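First the structure, in the form of structure tokens, and then the observations on it.
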Amino acid sequence: MKSFRLTLALIFSALLVNNAQATQYAWPEANTRLVGENPVHVVQQGEHLEKIAKQYNVGFLALLSANPGVDPYLPKAGSFVTIPQQLLLPDVDYDGIVINLAELRLYYFDKAAKEMYIFPIGIGRIGRDTPIMTTKISQKRENPTWTPPQSIRKEYLETKNIVLPDVVPAGPENPLGLHALRLAYGTGTYLIHGTNKDFGIGLRVSSGCIRMRPTDIAWLFNRVRVGEKVRVINQPVKTSFEPDGAVYVEVHRPLSADESQAGQRLLTQPDARVSTWLTSNHMNERRYRAALAIQSGMPIEMGQQILADNDI
């Protein structure tokens, strides 16, 4: 049975590779937040995790967290790598764009068409954090120019000895890529945009904007409209009580607040909604706290809740 499941997972992974752009998920059924499956990839000679992440359109850190012990640069040929494409949906309304900073993912919910797509993203690094916000797309810009703010120009000069021009024209040297969606948020300027770099998706690398792979932002750019709802949230722990009674938890590493926390394994407090369930079963509580510590970024089944007679 295990061999049969592995074969199915490998077939499923091959199908996803051929349709890596705009990974579509089935619209969630009522009262469930668990979606997707975790295919298995067989490492080929010369592959590394960043290449595999790009192939399946997942984030680099997500792939690394799902495969502890695997060398990210020299994984052994013939070994198996789990692709983290099963997940719990964030605790939000399924409408418009939702960005969960903690998991470095962008969700696009087309409520009218009942279609859902999920993309890996890069977000603001420590000190230039992407803010939590509820906003909308205020402008769509194809082949955008980039006007670096004075703070960025100063940073480039002091840290990289690079003098940035007042305006970076559209083209292959533009870090915004070929498409940008401007967000209406206070007096700041935040964009969902592409990139001219191969590395950085699924990492904290930007100056506060949300970075996507070129094919992903091109797809999203053509799909969304000006005025589209955008919510940026930070949910490192997601919990779901599924209709069949199963309880799942998905834990991501919390974002470091400053440089003093960089490289540390930060822990998150248990979800308040499950405290009653945990105290009724000490084994479940141990498993839950272990999941909080492991931070695999994948849904883990904790056990079964007790269903009322009318729920069965």
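The values are calculated or read from the model by the stated rules, or taken from the named source; none is laboratory data. This one's a predicted model, so the numbers in the text were calculated from it and none came from an experiment. For neighbour counting, all protein chains shown are included, and Cβ atoms are generated from backbone atoms with ideal geometry for every residue, glycine included.
Within the range 63-81, the residues that satisfy the criterion of being touching a residue at least 60 places away in the same chain (Cβ under 8 Å) and closer than 20 Å to residue 292 by Cβ are 65, 66, 68.
If I ask for residues that are modelled with pLDDT of 90 or more and buried (at least 16 other Cβ atoms within 10 Å of the Cβ), which ones from the range 301-312 would you list? Within the range 301-312, no residue meets the criteria. From the list 118, 97, the lone residue that is under 15 Å from the mean Cα position of the chain (by Cα), of a type in the set (A, V, I, L, M) and farther than 25 Å from residue 300 by Cβ is 97.
Conditions (1) more than 16 Å from residue 212 (Cβ to Cβ); (2) assigned by TED's automatic domain parsing to the domain that holds residue 212; (3) in a strand (DSSP E or B); (4) in contact (Cβ under 8 Å) with a residue 60 or more places away in the chain, marked per residue:
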site	(1), (2), (3), (4)
113	yes, yes, no, no
127	yes, yes, no, yes
159	yes, yes, no, no
189	yes, yes, yes, no
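For residue 118, are the conditions met, namely being touching a Ser or Thr at 6+ places or on another chain (Cβ under 6 Å), in contact (Cβ under 8 Å) with a residue 60 or more places away in the chain and assigned to a strand (DSSP E or B)? In short, yes.
Scan the range 219-248 residue by residue and report those that are within 16 Å of the chain's Cα centre (by Cα), surrounded by 19 or more Cβ atoms within 10 Å (Cβ to Cβ) and of a type in the set (Val, Ile, Thr). Listed by number, the residues that qualify are 230, 232, 237.
Test residue 123 against the criterion of being in a strand (DSSP E or B), of a type in the set (Val, Ile, Thr) and surrounded by 15 or more Cβ atoms within 10 Å (Cβ to Cβ), and give yes or no. For residue 123, the condition - in a strand (DSSP E or B), of a type in the set (Val, Ile, Thr) and surrounded by 15 or more Cβ atoms within 10 Å (Cβ to Cβ) - is met. When the range 265-280 is filtered for residues that are surrounded by 14 or more Cβ atoms within 10 Å (Cβ to Cβ) and at pLDDT 70 or above, the ones remaining, listed by number, are 268, 274, 277, 278. None of 244, 216, 258 is modelled with pLDDT of 95 or more and of a type in the set (D, E, K, R) except 216. Can you name the number of the only condition in (1) out of contact with any Asp or Glu (no Cβ under 8 Å at 6 or more places or on another chain); (2) not assigned by TED's automatic domain parsing to the domain that holds residue 186 that residue 135 fails? Of the numbered conditions (1) out of contact with any Asp or Glu (no Cβ under 8 Å at 6 or more places or on another chain); (2) not assigned by TED's automatic domain parsing to the domain that holds residue 186, the odd one out for residue 135 is (2). Specify the residue that is surrounded by the fewest Cβ atoms within 10 Å (Cβ to Cβ); the eligible residues are those in the range 177-218 that are polar (S, T, N, Q) and within 20 Å of residue 62 (Cα to Cα). Looking at residues that are polar (S, T, N, Q) and within 20 Å of residue 62 (Cα to Cα), I get 215.
Among the aliphatic types (A, V, I, L, M) and within 18 Å of residue 109 (Cα to Cα): does that describe residue 35? Yes. Here are some conditions: (1) over 18 Å from residue 218 (Cα atoms); (2) assigned to a loop (DSSP other than H, G, I, E, B); (3) among the hydrophobic types (A, V, I, L, M, F, W, C). Residue 184 meets all but one. Which one does it not meet? Against the list (1) over 18 Å from residue 218 (Cα atoms); (2) assigned to a loop (DSSP other than H, G, I, E, B); (3) among the hydrophobic types (A, V, I, L, M, F, W, C), residue 184 comes up short only on (2).
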